[in-house]
Amino acid sequence: MSTLTISLEQIQAIYTHAEQTYPQECCGLLMGKINQNYDKIIVDIIPTENAWNSETAKTFEEVETTHQPVTSERRFTISPQVLIQAQKQGRDRNLVIIGIYHSHPDHPAIPSEFDRVCAWSDYSYIIISVETGKATDLQNWSLDEYQQFQVEELIRH
């Protein structure tokens, strides 16, 4: 399994974003490089807007894991336009999207079933637990060959 390297400044930027958007889920992109061992190194963090709304909720109806209405306090999505723009900017800097981060307001930093069914197999997924407005925990996950989340080693420097 690969590793993900992140700086302490990048962790702080993610914590700040998560706290500022509480009680909504925050989200953002992890831009970086992948070395020959498939280890990922974060070069840049791009905070994005949580684009979840009633329209996106309809788009995800067939993979939704709950029968209650869900809001941006329990779901996130990043608009396709933002993803394309990040890919273009990354290409100019020899960077690629290597993962996504998002927060879980008042919930543990453990992926939900919805997170799992929407995840992409090559990405790292950092989840931040935010308890009553304060970021308290950060965990990193990736999908295994069975499409199940496993903890992915996070190297902090």
Is there a residue being more than 20 Å from T3 (Cβ to Cβ), part of a helix (DSSP H, G or I) and at pLDDT below 95 anywhere in region 101-112? no
For V130, are the conditions met, namely being among the β-branched types (V, I, T) and at pLDDT below 95? no
Of those in region 16-55 that are small (G, A, S) and within 24 Å of F114 (Cβ to Cβ), the residue nearest to the chain's Cα centre (by Cα) is G28
When restricted to S124, S142, the only residue more than 17 Å from V43 (Cα to Cα) and in contact with a strand residue (DSSP E or B) (Cβ under 6 Å, 6 or more places away or on another chain) is S142
Looking for something surrounded by 18 or more Cβ atoms within 10 Å (Cβ to Cβ), over 21 Å from E73 (Cβ atoms), touching a residue at least 12 places away in the same chain (Cβ under 8 Å) and polar (S, T, N, Q) - is there at least one such residue anywhere in region 134-146? yes
Log entry, pairs with first residue in region 1-27 being touching a residue at least 24 places away in the same chain (Cβ under 8 Å), second being open to solvent by 30 Å² or more (accessible area, probe 1.4 Å) and among the aromatic types (F, W, Y), beta carbons closer than 6 Å, six or more apart or on different chains, reads S2/Y38; E25/F76; C27/F76
Tell me which residues, restricted to region 1-42, are open to solvent by less than 20 Å² (accessible area, probe 1.4 Å), more than 16 Å from A109 (Cα to Cα) and of a type in the set (A, V, I, L, M, F, W, C). L4, I6, L29, L30, M31, I42
Go through (1) within 12 Å of the chain's Cα centre (by Cα); (2) at pLDDT below 95 and name the single condition H157 misses. (1)
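The values are calculated or read from the model by the stated rules, or taken from the named source; none is laboratory data. Everything numeric here is computed off the predicted structure, so don't read it as measured data. Glycine also receives a Cβ, built like all others from the backbone with ideal geometry; neighbour counts cover every protein chain displayed. Please note that ligands, DNA and RNA were not included when accessible areas were found on the heavy atoms of the full protein model with its side chains. Shrake-Rupley method; radii C 1.70, N 1.55, O 1.52, S 1.80 Å.
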